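The next block holds one structure in the form of structure tokens; read it before the comments.
The values are calculated or read from the model by the stated rules, or taken from the named source; none is laboratory data. Computed from a predicted structure; not experimentally measured. Cβ placement follows ideal geometry from the backbone for every residue including glycine, while neighbour counts extend to all protein chains displayed. Ligands, DNA and RNA are stripped out before the accessible areas are found, and what is left, the full protein with its side chains, is counted by its heavy atoms. Shrake-Rupley method; radii C 1.70, N 1.55, O 1.52, S 1.80 Å.
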Amino acid sequence: SGAIGEDGVNLAIATDLPGNLKDYDLPEPKNATDLDLLGICDLMVELVNDAAGLLMLGCIFRSVFAEFKPCTVSLFLLGTTGTRKSAVLGVLMAFFGSRFNGFHLPDNWSSTANALEKKASLAKDAPFAIDDFVARGTLADVNKSHYTAERIFRSQGNQAGRDRLTSTTALRGAYVPMGMIFASGEDTPRGHSLQARLLLMSITKGCVNLDALTELQRLGADGQLAQLMANFIQWSAIKADDGVLKSMLQDVEDGYKRDLSVEGHARSKDNLAQVMTGFGMLMRYAEDTELLSEDSIKYLEQQIKAAALVQNALHSEADLNASDAVRFVKNLRSALSM
């Protein structure tokens, strides 16, 4: 359906993507004043506890700039069955195509690691959602599931793939994620350093606001979320052609890093600042186009900073629990007390 540049849709450029990737489909940019950006942001605040939906919103818009500054963090929604984590993932993907929803996502964890790697590379400057990580079955099945997750998330985090040789011993290049991985699952991918490359969000029963979810699903199906993304990309293209986009990205990220006082893994601050940069760029767009008032932007900035602190506290606890050394001490104490 063409490419979006500073002048709108360019039909001289086309893509040919396999499978569900065909459903990445944005409309032609149009008058920005027709969109209720404040209403969408408010719904994202209400979507899950502690305004974590704004961090998810940051992930969505941060993925757009992977060409200018690669994403080195993945979003992972963790929750038991019935917590509506797939529905939330569907809402996030609807920003890139109205056909995406909780029942229809780009991929799932039953695909092979090679297939997931290639699709994550093809979904350039966009989120690539992989649903339903469940490590079950025999020991070999469980190990295979965790191996696949490690390959995908570590490739995103390190921006490095797995090179191979062809049958003639020629080097075949690696596929590296060129956007941002979004994932959901009932189990946490294991590995202390691997989890440090994730923005791990716990979706518990009752934490999803069903009214906000339903309204966001309606906006997604109507194409209004994708319309916002199309307008935002056109604005980004104008900034890129003016030569100010890279410096703007860096300024926004540096500002969040100065404001964040977080503990835990060394990657935590970088991960949160990276995600918040997507949200910050959305606020720059809203300011330029006068979609939001100065007071509304300040309010939303306060909300996402508070959400980042809550998320960091939760992640620090998970980071501590994932430590082999800490688990060893706990198990040793338990054995001695018995």
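Note on T80/D241: beta-carbon distance plugged into 1/(1 + (r/R0)^6) with R0 of 41 Å gives a FRET efficiency of 0.30.
If the segment from S261 to V176 were pulled out straight at 0.36 nm per residue, it would be longer than the present Cα-Cα gap by 27.5 nm. Annotation: amide H-H contacts under 5 Å for I4 (H modelled 1.01 Å from N, sequence separation of 5 or more, or interchain): N10.
When the helix-only estimate is applied to the chain (DSSP H runs of n ≥ 4, each -39,500 (n - 2.57), divided by the residue count), what is the mean residue ellipticity at 222 nm, nearest 500 deg cm²/dmol? The partial results should precede the final answer.
Working: 12 runs with 173 residues, N = 338.
Value at 222 nm, helices only, nearest 500: -16500 deg cm²/dmol.
When the surface is traced with a 1.4 Å probe over the full set of protein chains, L200 keeps roughly 20 Å² accessible. The stretch between N10 and R327 holds 108.6 nm of extra length on full extension. This uses 0.36 nm per residue minus the Cα-Cα distance.
Between H104 and A160, the contour length at 0.36 nm per residue exceeds the Cα-Cα span by 17.3 nm. Here the simple spin-label model places points 7 Å from the Cα toward Cβ, and for K124 and K144 these points are separated by 3.3 nm.
Filter the trypsin sites (Lys or Arg not before Pro) in segment 83-188 to those in DSSP coil with at most 15 other Cβ atoms within 10 Å of their Cβ, and list the result. Don't jump to the answer; show the numbers that get you there.
Working: sites: R84, K85, R99, K118, K119, K124, R136, K144, R151, R154, R162, R164, R172; in loops: R84, R99, K124, R136, R162.
Passing sites in segment 83-188 are K124, R136, R162.
Database remark: amide H of A129 closer than 5 angstrom to the amide H of D107, F182 (H placed geometrically; neighbours at sequence offset of 5 or more, or on other chains; Pro and chain starts carry no H).
From largest accessible area down, sort H104, H146, H192; use a 1.4 Å probe on the protein chains. Show your work: numbers first, answer last.
Values: H104 50, H146 25, H192 70 Å².
Highest to lowest solvent-accessible surface, that is H192, H104, H146.
Of Y285, Y24, the order by accessible heavy-atom surface (1.4 Å probe, DNA, RNA and ligands excluded), from most exposed downward, is Y24, Y285. Overall, the anisotropy analysis places segment 115-185 in the oblate class: the square-rooted eigenvalues a ≥ b ≥ c of its C-alpha gyration tensor yield a/c not less than 1.5, with a/b not exceeding b/c.
Near I297, once Lys and Arg are set to +1 and Asp and Glu to -1 for all other residues with Cβ below 10 Å from its Cβ, the sum equals -2.
Residue order by solvent-accessible surface for E290, E67 is E290, E67, largest first, with ligands and nucleic acids left out and a 1.4 Å probe. Site pair H192 and M338 shows an inter-label distance of 2.3 nm when each label is modelled 7 Å from Cα along Cα→Cβ.
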